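Peer 1: Structure in structure tokens, see below.
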């Protein structure tokens, strides 16, 4: 089933309006989730709707948060987001970072106490569209092995960086710190497709290639991926006084609730370089790399986000394919909340 | 041959004094190189001395740079380092970032036109010792394959993050973006020890496990490592208007000279959290991860930098082992410059 992005956005927005979010907040959540679906990142798309509703039901996601500035300096803020939906909190974070960067050259917003932060590329793109070199990270629950351990210890904490370009939309890079994403493991468990060796552990912590058993991603490059994930917890969760990993691993009462923390940073390019020259240099670098001798095993040398950009362009015209199982789940949500399906 | 850190520092300082660096600058270069040797990162230690001298001879490294502030905002500076030695320029960068962070909550220093930036962990450690969450990155020449290409296109651009801890020295994370470092490839070519499959290309761009032929590291996680390296070039070199990758790949006259650019960022932890509580949380997280069920294939679960910390402690007592070939090279330097050997 293929659905237009507008119809999907309308549906998701209606669902979250009904769940108690404001018009503005429901629109942001809808835009962020559908953005991921348009770009082919289905694991962070509308398939999350039932889980976000579950977080509201569990009291983990506050549909009507009072986002407040806990600390403000010349170049930074610490936002207490009062369990806001991740897209709402991280968008607020990047807007603050951009505002501070305009004043101070660089702007930092620490985002405390949000929920699933969704696709980070959305927020860095938001910054890059405003002339910023933008960085975002987020800390979440332990779902990835720490190097040398046979259990989940850190999160697949993502890191995203985006910069404006001249020719096209900004260059958006977004990586998880695992060899494979949790979403891809879930997908493989449904389809039964093979898991490459060295990418996952089963629930008991044993290495596995069995798609039905694989549950815990291994860290990218061993100590590199898990070390980066650990440092991201430090500069997000620990910096805002809202530890996630240690609390969850100790199974404290606080550790049993879903929460995320984030960091958004913006650098005002115009303060340091001519923005047109900068954008031209990014284009030139991408062109240069794409013209390198090609590995015969790949069809094309791609820039970060290029595949997603192309898919988004295509899906904006042809619609977003939604798997039957997801349609069924969303139909049950629609019925329960009295919202019209797409 | 084992040499005390003090003797090594004295030697390296004398060499660079003789090569025209000021007393303060020579001391910094000596401290940074010997720090790497103490921690077991020999590829970034005193073995670099002849190459740094070569850069001075080639006019790429300016022994008496006039480091100037090209741009200054409330929270940031762009330092034009006038081809200063990497350790001098990056130390200046981190000191500026810390000063700005004290005033503005977050501080950024962009470091333009330096040379080999050496071990980035030294600079983030410098920030962490002053109560900062510190980040550093550097952009350098294309020496790593871009994903999908069969040629060097990006750099093994490192990323370092450090935070203070309560129990011990700060937690210092430092990663290259390649599967393997250029230094390890050089080492393997000397010793003939095997190169793991999927880690390097030969000079013609063909995958190889032959230690004599391997020259170009492959990026960590394919598009993740090479994408991150590309973004690091954007937020260092392109932000300061001093492109490296595209210039070198196009073999322009400017592209034939060695240069590096860097970014240092400091976040003043005390503005956002109680520093003692923060440090205690870092300790708690590290303890928690080290107590996870252990993979029987490793002896111990380690924190980022833990192996280096231990080695530095040991080598501070027992001395730094220097391979015969390096001793011979340094003896030739000593003789040429009229400096006493260690």
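The values are calculated or read from the model by the stated rules, or taken from the named source; none is laboratory data. From a predicted model like this one, the values you see are computed outputs, not experimental measurements. When we count neighbours, we look across all protein chains shown, and the Cβ atoms used for this are built from the backbone with ideal geometry, even at glycine.
Peer 1: Using the structure shown, decide if residue B:169 is touching a residue at least 60 places away in the same chain (Cβ under 8 Å), surrounded by fewer than 20 Cβ atoms within 10 Å (Cβ to Cβ) and either closer than 30 Å to residue A:108 by Cβ or not assigned by TED's automatic domain parsing to the domain that holds residue B:89 (or both).
Peer 2: yes
Peer 1: Another one. Would it be correct to say that residue A:279 is within 14 Å of another protein chain (Cβ to nearest Cβ), closer than 29 Å to residue A:37 by Cα, within 26 Å of the chain's Cα centre (by Cα) and touching a residue at least 40 places away in the same chain (Cβ under 8 Å)?
Peer 2: Numbers: within 14 Å of another protein chain (Cβ to nearest Cβ): yes; closer than 29 Å to residue A:37 by Cα: yes; within 26 Å of the chain's Cα centre (by Cα): yes; touching a residue at least 40 places away in the same chain (Cβ under 8 Å): yes.
The answer is yes for residue A:279.
Peer 1: Looking at A:330, A:292 in this structure, which one is modelled with pLDDT of 95 or more and part of a helix (DSSP H, G or I)?
Peer 2: On the way: A:292 fails: part of a helix (DSSP H, G or I).
Of A:330, A:292, the one residue that is modelled with pLDDT of 95 or more and part of a helix (DSSP H, G or I) is A:330.
Peer 1: Residue check: is residue A:267 part of a strand (DSSP E or B), buried (at least 19 other Cβ atoms within 10 Å of the Cβ) and within 14 Å of chain B (Cβ to nearest Cβ)?
Peer 2: yes
Peer 1: Looking at segment B:225-253 only, could you name the residues that are assigned to a loop (DSSP other than H, G, I, E, B), buried (at least 24 other Cβ atoms within 10 Å of the Cβ) and more than 7 Å from chain A (Cβ to nearest Cβ)?
Peer 2: Of everything in segment B:225-253, just one residue is assigned to a loop (DSSP other than H, G, I, E, B), buried (at least 24 other Cβ atoms within 10 Å of the Cβ) and more than 7 Å from chain A (Cβ to nearest Cβ), namely B:244.
Peer 1: Name the residue, out of A:40, A:59, that is at pLDDT 95 or above and closer than 18 Å to residue A:321 by Cα.
Peer 2: Step by step, each of A:40, A:59 is checked, and only A:40 is at pLDDT 95 or above and closer than 18 Å to residue A:321 by Cα.
Peer 1: Yes or no: residue A:273 more than 23 Å from residue A:89 (Cα to Cα) and assigned by TED's automatic domain parsing to the domain that holds residue A:168?
Peer 2: Values: more than 23 Å from residue A:89 (Cα to Cα): yes; assigned by TED's automatic domain parsing to the domain that holds residue A:168: yes.
It is true that residue A:273 is more than 23 Å from residue A:89 (Cα to Cα) and assigned by TED's automatic domain parsing to the domain that holds residue A:168.
Peer 1: Might you let me know whether segment B:286-304 holds any residue that is outside the structural domain of residue B:34 (by TED's automatic domain parsing), closer than 25 Å to residue B:94 by Cα and crowded, with 24+ Cβ neighbours inside 10 Å?
Peer 2: Taking every residue of segment B:286-304 in turn, at least one turns out to be outside the structural domain of residue B:34 (by TED's automatic domain parsing), closer than 25 Å to residue B:94 by Cα and crowded, with 24+ Cβ neighbours inside 10 Å.
Peer 1: Across segment A:145-164, which residue is surrounded by the most Cβ atoms within 10 Å (Cβ to Cβ) among those that are within 11 Å of chain B (Cβ to nearest Cβ) and in a loop (DSSP other than H, G, I, E, B)?
Peer 2: A:146
Peer 1: Checking the conditions here, which among B:171, B:220, B:228, B:201 is more than 30 Å from residue B:94 (Cα to Cα) and at pLDDT 95 or above? So that I can check it myself, show each step before the final result.
Peer 2: Details: B:171 fails: more than 30 Å from residue B:94 (Cα to Cα); B:220 fails: more than 30 Å from residue B:94 (Cα to Cα); B:228 fails: more than 30 Å from residue B:94 (Cα to Cα).
Among B:171, B:220, B:228, B:201, only B:201 is more than 30 Å from residue B:94 (Cα to Cα) and at pLDDT 95 or above.
Peer 1: Could you count how many residues in segment A:282-294 are more than 7 Å from chain B (Cβ to nearest Cβ) and within 28 Å of the chain's Cα centre (by Cα)?
Peer 2: Qualifying residue count, segment A:282-294: 4.
Peer 1: Out of A:335, A:329, A:297, which single residue is more than 8 Å from chain B (Cβ to nearest Cβ), farther than 30 Å from residue B:225 by Cβ and over 25 Å from the mean Cα position of the chain (by Cα)?
Peer 2: A:335
Peer 1: Enumerate the pairs (first residue in segment A:315-334 and over 18 Å from residue A:52 (Cβ atoms); second residue anywhere and surrounded by fewer than 18 Cβ atoms within 10 Å (Cβ to Cβ)) with beta-carbon separation below 6 Å, excluding pairs fewer than 6 apart on the same chain, so at least 6 apart or on different chains.
Peer 2: Once the first residue is over 18 Å from residue A:52 (Cβ atoms) and sits in segment A:315-334, its partners that are surrounded by fewer than 18 Cβ atoms within 10 Å (Cβ to Cβ) give A:319/A:2; A:319/A:4; A:321/A:2.
Peer 1: Ok, one more. Mind checking which residues of segment B:165-191 are under 30 Å from residue B:324 (Cβ atoms) and assigned to a loop (DSSP other than H, G, I, E, B)?
Peer 2: Of everything in segment B:165-191, those that are under 30 Å from residue B:324 (Cβ atoms) and assigned to a loop (DSSP other than H, G, I, E, B) turn out to be B:176, B:179, B:180, B:181.
Peer 1: Could you tell me which residue of segment A:97-114 is farthest from the other protein chains (Cβ to nearest Cβ), considering only residues that are surrounded by fewer than 24 Cβ atoms within 10 Å (Cβ to Cβ) and more than 22 Å from the chain's Cα centre (by Cα)?
Peer 2: If we take residues in segment A:97-114 being surrounded by fewer than 24 Cβ atoms within 10 Å (Cβ to Cβ) and more than 22 Å from the chain's Cα centre (by Cα), then A:102 is farthest from the other protein chains (Cβ to nearest Cβ).
Peer 1: Surrounded by fewer than 23 Cβ atoms within 10 Å (Cβ to Cβ) and either under 30 Å from residue B:187 (Cβ atoms) or free of Cβ contacts under 8 Å to residues at least 24 places away in the same chain (or both): which single residue out of B:221, B:308, B:262 fits that description?
Peer 2: B:308
Peer 1: Hey, another quick one. Of the conditions (1) surrounded by 19 or more Cβ atoms within 10 Å (Cβ to Cβ); (2) out of contact with any strand residue (DSSP E or B) (no Cβ under 6 Å at 6 or more places or on another chain), residue A:341 satisfies every one except a single condition; which number is it?
Peer 2: Unmet for residue A:341, out of (1) surrounded by 19 or more Cβ atoms within 10 Å (Cβ to Cβ); (2) out of contact with any strand residue (DSSP E or B) (no Cβ under 6 Å at 6 or more places or on another chain): (1).
Peer 1: Whether any residue in segment B:124-144 is more than 13 Å from chain A (Cβ to nearest Cβ), surrounded by 24 or more Cβ atoms within 10 Å (Cβ to Cβ), in a loop (DSSP other than H, G, I, E, B) and within 16 Å of the chain's Cα centre (by Cα) is what I want to check.
Peer 2: Taking every residue of segment B:124-144 in turn, at least one turns out to be more than 13 Å from chain A (Cβ to nearest Cβ), surrounded by 24 or more Cβ atoms within 10 Å (Cβ to Cβ), in a loop (DSSP other than H, G, I, E, B) and within 16 Å of the chain's Cα centre (by Cα).
Peer 1: Identify, please: which residue in segment B:311-327 is assigned to a loop (DSSP other than H, G, I, E, B) and touching a strand residue (DSSP E or B) at 6+ places or on another chain (Cβ under 9 Å) and is, among those, surrounded by the fewest Cβ atoms within 10 Å (Cβ to Cβ)?
Peer 2: Checking each candidate, the answer is B:319.
Peer 1: All but one of (1) within 12 Å of chain A (Cβ to nearest Cβ); (2) surrounded by fewer than 19 Cβ atoms within 10 Å (Cβ to Cβ); (3) within 16 Å of the chain's Cα centre (by Cα) hold for residue B:207; state the number of the condition that does not hold.
Peer 2: Single failed check for residue B:207: (3).
Peer 1: Answer yes or no: is there a residue in segment A:248-270 that is over 26 Å from the mean Cα position of the chain (by Cα) and modelled with pLDDT of 95 or more.
Peer 2: Among the residues of segment A:248-270, at least one is over 26 Å from the mean Cα position of the chain (by Cα) and modelled with pLDDT of 95 or more, which makes the answer yes.
Peer 1: Let me ask another. Please state which of the following conditions residue B:304 fails to meet, knowing it meets all the rest: (1) over 24 Å from the mean Cα position of the chain (by Cα); (2) within 14 Å of chain A (Cβ to nearest Cβ).
Peer 2: That leaves (1) as the condition not met.
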